[in-house]
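See structure below.
Just so it is clear, none of the values below were taken in a lab; they were calculated from the coordinates. Computed from a prediction, not measured in an experiment: that's the story for all the values here. In this analysis, Cβ positions are derived from the backbone assuming ideal geometry, glycine residues included, and neighbour counts consider all displayed protein chains.
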Amino acid sequence: MFNRLYTLSLLILYIYSTAALSQSLDGSRYDPANDPNIDMWVGSWKESMPRHTHGSLIERDILTGGNALNPPRKGAVLEYIKRFTHGSLAARTSTIPTTLNGEQEAFYIYSGKGIIKAGGKTDELYNGICFLVPEGLEFTMTNTGDEELNMYIITEPVPSGFTPRKDIMVRDNNTVPFNTTVGHWSYQEKDLLLSHHGFAILHAVITLTLDPMTVGHPHFHVKGTEEVWTTISGDNIAFLGKQIRRQPQGTAYMIPPDGKTNHSNINESTREQVVLLYFAVRRDIAR
């Protein structure tokens, strides 16, 4: 344990000594009075109260609407996306037929099995399936297994004048290839849903894999960026500002878009990969 912590300390010192020069990161000492309380930008569905949606789906909040620079409460940081939640559908149950109005929902399934029916089409649901349900299309999900069907749900608003897709868009993380380039030093990226797949405001929903004993390049974001990272598997360490936090599965963070708070992810395991679910609105760049 000592050797792992010592190695991690050296790694963080190296990151700051190199990245601060190339990215103009804040090199001042940590000051709780002036630096952001990063825990306000972190949320976990395991700390939220359940509620029923879509008839029988149980949803719990991860991150909610609020203020990206000055959250009124923990996890209330979203200004563009309406909400980011965790959903569970009990064994052998179905949702009621649901039609979204004024919003669209992107789902990422991480355990269980089932089906979704929409527009006369049926698709299988299992670990790694990601799909977009457009505004105005009636759909029903059914858990066909004997265990819970578990998922993450990203809900985006639909602006006036937007034309939604006529059908659902389904992508399988198990078959989508990795990008040929590696991002921010170490991230191996799979593009699941991108803006041209039918999003109203979302830039992308992707998965990112960190190999053992690797770290992503620290960098910051500015106003107009809403970037969220969630641990799907593995033991991630979130590096936010001048602090680190364990990020167990089901925990997400958003980067404060203040132009100074850096972020990165660290996989200190010597054997296991870390897999993260990422989504973002990037109004600081062209869609």
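Computed quantities for the displayed model
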| quantity | calculated |
| --- | --- |
| Net +/- balance of residues flanking M254 in space, Cβ distance below 11 Å, scoring K and R +1, D and E -1 | -3 |
| Net dipole in debye of region 40-112 [+1 Lys, Arg Cβ; -1 Asp, Glu Cβ; about Cα centre; nearest 20] | 200 debye |
| Virtual spin-label span in nm between S56 and D31, 7 Å along Cα→Cβ | 5.7 nm |
| Surface/4 of the Cα convex hull for region 187-283, nm² | 5.9 nm² |
| At q = 0.12, 0.16, 0.18, 0.21 Å⁻¹, base-10 log of I(q)/I(0) for region 132-262 (Debye sum, equal scatterers on each alpha carbon) | -0.61, -1.05, -1.26, -1.48 |
| Calculated FRET efficiency for the pair E47/D146, C-beta based, R₀ 25 Å, to 0.05 | 0.35 |
| Set K74/K166; K46/K166; K190/K242; K117/K190; K46/K82; K46/K121 screened for pairs whose C-alpha atoms are more than 31 Å apart | K74/K166; K46/K166; K46/K121 |
| Net lengthening on full extension, T122/T180 (0.36 nm per residue, minus Cα-Cα) | 17.7 nm |
| Cα Rg over Rh - region 2-282, Kirkwood | 0.97 |
| Burial ordering of S195, S186, fewest other beta-carbon atoms within 10 Å first | S195, S186 |
| Net charge of neighbours whose Cβ lies under 14 Å from the Cβ of H184, counting Lys and Arg as +1 and Asp and Glu as -1 | -3 |
| Low-density loop cleavage sites - trypsin sites (Lys or Arg not before Pro) in region 126-183, where at most 12 other Cβ are within 10 Å (DSSP) | K166 |
| Taking W41, W185 and counting other C-beta atoms within 10 Å, the order from fewest to most | W185, W41 |
| Spacing of the two label points (7 Å from each Cα toward its C-beta) at N67 and L194, in nm | 3.7 nm |
| Three-way shape label, region 69-174, alpha-carbon gyration tensor, a/c 1.5 | oblate |
| Sum of -39500 (n - 2.57) over DSSP H runs of 4+, divided by residues of the chain (222 nm, nearest 500) | -2500 deg cm²/dmol |
